[in-house]
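*Asks:* One structure, pasted below without further comment.
The values are calculated or read from the model by the stated rules, or taken from the named source; none is laboratory data. Quick caveat: nothing in here was measured; it's all calculated off a predicted structure. Neighbour counts are summed over all protein chains in view; Cβ atoms, including those assigned to glycine, are modelled from backbone coordinates with ideal geometry.
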Amino acid sequence: MLLQQAGEWLIERAGVECVVIYLHESAANRLSKPMCFGAQLAELPETIKLGYSIYGEVAMGRRHYYVETVAREKRLTPIPPETQSAYIVPLLHDNQLLGVLGLYATRPAALSEPARAAIDRVITLISATLATAHRLAESQQTIARFDSFQRLAQDLTARLSSEELLQRIVEAACEILDAQMSILLDVNFESGELRPVAWAGIDQATAQLIRSRLKEDLKGLVAWARLPARTPDIRADQRTSLATQAIVAGMVSELAVPVLYYDELYGILAVETSTYRDFTDEEVDLLQALAAHAGIALRNARLFEQLEQRNSELQKANAALEISRQQAENARAAAVQANRLKTEFINNMSHELRTPLNAVINFTRLVMDGHAGPVTEQQRNYLGYVHDGGQHLLGLINDILDLAKIEAGKMELRREPTPLAPLLKGVMSTLIGLTKDKGIALHREFDDDLPMLNIDGRRIRQVLLNLISNAAKFTVQGSITLRAAQQGEHVIFSVRDTGVGIKPEDLPKVFEEFKQIDNVLQETASGTGLGMPISRRFVQLHGGDMWIESQLGVGTTVSFSLPIN
Amino acid sequence: MSDTYAEVNVLLVEDEPLNTMLTVAMLNMLGIQRVHAFASWRQLESCLAALPPIDLVLLDLRLPGSHDGYHILAQLRADPRFAKTPIAAMTAQVMPDDVKRAEEAGFNGFLAKPLNFDRFPQSIQRLLAGEHVWESH
């Protein structure tokens, strides 16, 4: 609009027949977009490289060129018919080349020296106006780019999927850089391949053709070097002439930048234009800013992928865990069932054995005690054996039942405040006969003022009877000592014998159920193998513990503690 | 033996003949001569009206059929003549749950089998005196 006015003005006022204006394309270092006013010139070249032909020389040299007689300047073509003289002027503003203007006249007076001086002044004005218009256009472009960036920024902050985001980025690249196409490739370091993930301005089939490999063409080099690269002429560029670079029909210039997230390379972002374009540093910066957003989006997409993968792994692990949980549950149910059956069995066995034992033990006593008529001494002895046998069986049943009760958590203690000294003396008097028969001394080592304990006296009595009769069993000569003393918050009881002792390796077996330890007495020790385990359990139920010390051939001491309160 | 218990009437329900014989013999030791023994609730039920006033009832808990010792206890307690009579369980079922159940059912005594020969006379005397006697194993 501005140039047309200028051209028409010059034809009207300066009296020239024709005005030609070329604009300078600084990026391509050439003149282009020729405009012709007045007489029409059909064969004006579309572009003129700086330094070539008259226009190119004027542009390069930035000097006015007056051709007084065009017939003598053969290089000046095309020219309108009957042209006598010509004046070729650079359009300059602030030392910046904006274009070249040519005037053609049929009358030499039109381009006389004073006329040229006037024309020069007008052209200075035109240049200044043109420069202002350029700056205005540039600032408008800047504003437009800023708007585009703002819209993109909104998209980026919106919760878009990575795919949508990448699509917005390539679209914005086209929009902001005024490009005809853009494409985002992501890089696979294992294969070295770059593959398209988002594109704008081309269809999918075309996009799929655009592939690259690290280092192999312009895009591959950008990825490899992690630096931007630009080419004003794709076809003339050596980097893009390689076989791997698919050249999209109609595309002339290309700018490609790496897509990075911090130091990590995710791909490259490229824009291409259908017109010759030497991308400015500002435009490189713009595309890199976009690429940075793409970097974030690609990184998020990859993190999401990893998350998905981990999720599915986690789900698999959960499924496996569920299976083992079910197996454990089944095993637990089976164990509960087995335990229930065992308890049932023990209850039944107890009942079924007790019924005949009731008859065996008590009928024997009836006869022994003479309630069924006179008995001889020998008959009484024999009946005594029957009775003892019955009692032994009953003891075994009671032990098993106690153990079953403890295991089932159904052993209830009947605690009551119990003075200890009478209980200990009672135990000793019960067993004094047994030890006397074996010729062993039974000593006491406790005071009468032992504290009162809140215990099930019957059970503790049972424990002490068991410990002392055990000691007696394994002692041939010497003594058994029952000791009790307060020690801090506990009363410690111990039964010490001068018996055969226990081998160190056998000590742990003492508290195992149904275990009897080989003894050097070479005689089968009677007993169920349940006495010690049950005794320890009773003590533990009271909140105490039991332990054993022994030296082979010297003796054994079994001790236990009961808490005071 | 003493004549203190000559007039005492004991009702016994026990399905095992050997145990019936034994209990009768052990009661006889105490001088108790009048023992009315039945093997089941059905037998007892038909004779209940004809029984003299009963001073002590001894019930086996596990009996054949659905009429076990607990059933008989409930039946007897419903009868005004037995409302205050000492009734003891005499059983080989001695797990804590069994003992607890007997206590809750309202028995006055619990005598575990095998019976304790030495303590039995005292237990019977105490039951007859209206005491609560608990002889679990």
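*Asks:* Collect the residues in the stretch A:94-143 that are of a type in the set (S, T, N, Q), at pLDDT below 85 and not in a helix (DSSP H, G or I), keeping them in residue-number order.
*Replies:* A:95
*Asks:* If you go through the stretch A:131-148, how many residues are surrounded by 12 or more Cβ atoms within 10 Å (Cβ to Cβ) and over 13 Å from residue A:283 (Cα atoms)?
*Replies:* So the count comes out to 7.
*Asks:* Would it be correct to say that residue A:27 is among the small types (Gly, Ala, Ser), within 19 Å of residue A:130 (Cβ to Cβ) and either within 60 Å of the chain's Cα centre (by Cα) or not assigned by TED's automatic domain parsing to the domain that holds residue A:125 (or both)?
*Replies:* yes
*Asks:* Tell me, yes or no, whether the stretch A:323-333 has at least one residue that is within 11 Å of another protein chain (Cβ to nearest Cβ) and acidic (Asp, Glu).
*Replies:* no
*Asks:* When you check residue A:53 against the structure, is it of a type outside the set (D, E, K, R), touching a Ser or Thr at 6+ places or on another chain (Cβ under 6 Å) and more than 21 Å from residue A:11 (Cβ to Cβ), yes or no?
*Replies:* When the stated conditions are applied, residue A:53 does not pass them.
*Asks:* Same structure, new question: Mind checking whether some residue in the stretch B:17-36 is in a helix (DSSP H, G or I) and away from chain A (no Cβ under 14 Å)?
*Replies:* no
Residues are listed down the side, and each one gets a yes or a no for (1) among the hydroxyl-bearing types (Ser, Thr, Tyr); (2) touching a helix residue (DSSP H, G or I) at 6+ places or on another chain (Cβ under 6 Å); (3) at pLDDT 90 or above:
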position	(1), (2), (3)
A:476	no, no, no
A:513	no, yes, no
A:518	no, no, no
A:532	no, yes, no
A:539	no, no, yes
A:558	no, yes, yes
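*Asks:* Here's a follow-up. Does the stretch A:7-28 hold any residues that are assigned to a helix (DSSP H, G or I) and farther than 29 Å from residue A:275 by Cβ, and which are they?
*Replies:* A:9, A:11, A:12, A:13, A:14
*Asks:* Can you name the residue in the stretch A:351-372 that is more than 7 Å from chain B (Cβ to nearest Cβ) and part of a helix (DSSP H, G or I) and, of all such residues, is surrounded by the fewest Cβ atoms within 10 Å (Cβ to Cβ)?
*Replies:* Among residues in the stretch A:351-372 that are more than 7 Å from chain B (Cβ to nearest Cβ) and part of a helix (DSSP H, G or I), the one surrounded by the fewest Cβ atoms within 10 Å (Cβ to Cβ) is A:352.
*Asks:* Still on this structure, I have one more. Can you tell me which residue within the stretch A:73-92, out of those that are of a type in the set (D, E, K, R) and at pLDDT below 85, is surrounded by the most Cβ atoms within 10 Å (Cβ to Cβ)?
*Replies:* Per the stated criteria, the residue is A:73.
*Asks:* In the list A:107, A:135, which residue meets the criterion of being closer than 21 Å to residue A:178 by Cβ, among the charged types (D, E, K, R) and assigned by TED's automatic domain parsing to the domain that holds residue A:70?
*Replies:* Matching residue, one of A:107, A:135: A:135.
*Asks:* Report every pair of residues separated by at least 6 positions or lying on different chains whose Cβ atoms are under 9 Å apart, first residue within the stretch A:228-250 and closer than 13 Å to residue A:270 by Cα, second surrounded by 15 or more Cβ atoms within 10 Å (Cβ to Cβ) and at pLDDT below 70.
*Replies:* Here the result reads A:234/A:245, each pair linking the stretch A:228-250 to a residue that is surrounded by 15 or more Cβ atoms within 10 Å (Cβ to Cβ) and at pLDDT below 70.
*Asks:* Of all residues in the stretch A:51-74, count the ones that are among the hydrophobic types (A, V, I, L, M, F, W, C) and in a loop (DSSP other than H, G, I, E, B).
*Replies:* Number of matching residues: 0.
*Asks:* List pairs: first in the stretch B:86-99 and more than 22 Å from residue A:402 (Cβ to Cβ), second polar (S, T, N, Q) and outside any helix (DSSP H, G or I), Cβ under 8 Å, 6+ apart or cross-chain?
*Replies:* Close Cβ pairs (under 8 Å, with a partner that is polar (S, T, N, Q) and outside any helix (DSSP H, G or I)) amount to B:86/B:108; B:87/B:108; B:88/B:108.
*Asks:* Can you say whether residue B:59 is in contact (Cβ under 8 Å) with a residue 40 or more places away in the chain, under 12 Å from the mean Cα position of the chain (by Cα) and under 21 Å from residue A:355 (Cβ atoms), as far as the supplied structure shows?
*Replies:* Yes, satisfied.
*Asks:* Can you tell me how many residues in the stretch A:63-72 are surrounded by 12 or more Cβ atoms within 10 Å (Cβ to Cβ), free of Cβ contacts under 8 Å to residues at least 40 places away in the same chain and not aliphatic (A, V, I, L, M)?
*Replies:* Going through the stretch A:63-72 one residue at a time, the tally reaches 1.
*Asks:* Here's a follow-up. Does residue A:381 satisfy the condition of being part of a helix (DSSP H, G or I) and either within 10 Å of another protein chain (Cβ to nearest Cβ) or touching a residue at least 12 places away in the same chain (Cβ under 8 Å) (or both)?
*Replies:* Considered against the rule, which asks whether it is part of a helix (DSSP H, G or I) and either within 10 Å of another protein chain (Cβ to nearest Cβ) or touching a residue at least 12 places away in the same chain (Cβ under 8 Å) (or both), residue A:381 comes out as no.
*Asks:* Filter the stretch A:18-41 down to residues that are within 20 Å of residue A:70 (Cα to Cα) and of a type outside the set (Gly, Ala, Ser), then give me how many there are.
*Replies:* The number of residues fulfilling the criteria is 9.
*Asks:* Determine whether residue A:270 is hydrophobic (A, V, I, L, M, F, W, C) and part of a helix (DSSP H, G or I).
*Replies:* No, not satisfied.
*Asks:* Could you run through the stretch B:1-16 and say how many residues are among the acidic types (Asp, Glu) and away from every other protein chain (no Cβ under 14 Å)?
*Replies:* Final tally of qualifying residues: 2.
*Asks:* Being away from chain A (no Cβ under 14 Å), within 24 Å of residue A:397 (Cβ to Cβ), surrounded by 14 or more Cβ atoms within 10 Å (Cβ to Cβ) and not aromatic (Phe, Trp, Tyr): is that true of residue B:39 here?
*Replies:* When the stated conditions are applied, residue B:39 does not pass them.
*Asks:* Related question: What are the residue pairs meeting all of these: first residue in the stretch A:187-216, first residue in the same structural domain as residue A:259 (by TED's automatic domain parsing) and more than 23 Å from residue A:274 (Cα to Cα), second residue of a type in the set (A, V, I, L, M) and assigned to a helix (DSSP H, G or I), Cβ atoms under 7 Å, and 6 or more apart or on different chains?
*Replies:* A:187/A:223; A:194/A:223; A:214/A:223; A:215/A:221
*Asks:* Could you check how many residues of the stretch A:547-565 are in a strand (DSSP E or B) and touching a residue at least 12 places away in the same chain (Cβ under 8 Å)?
*Replies:* 13
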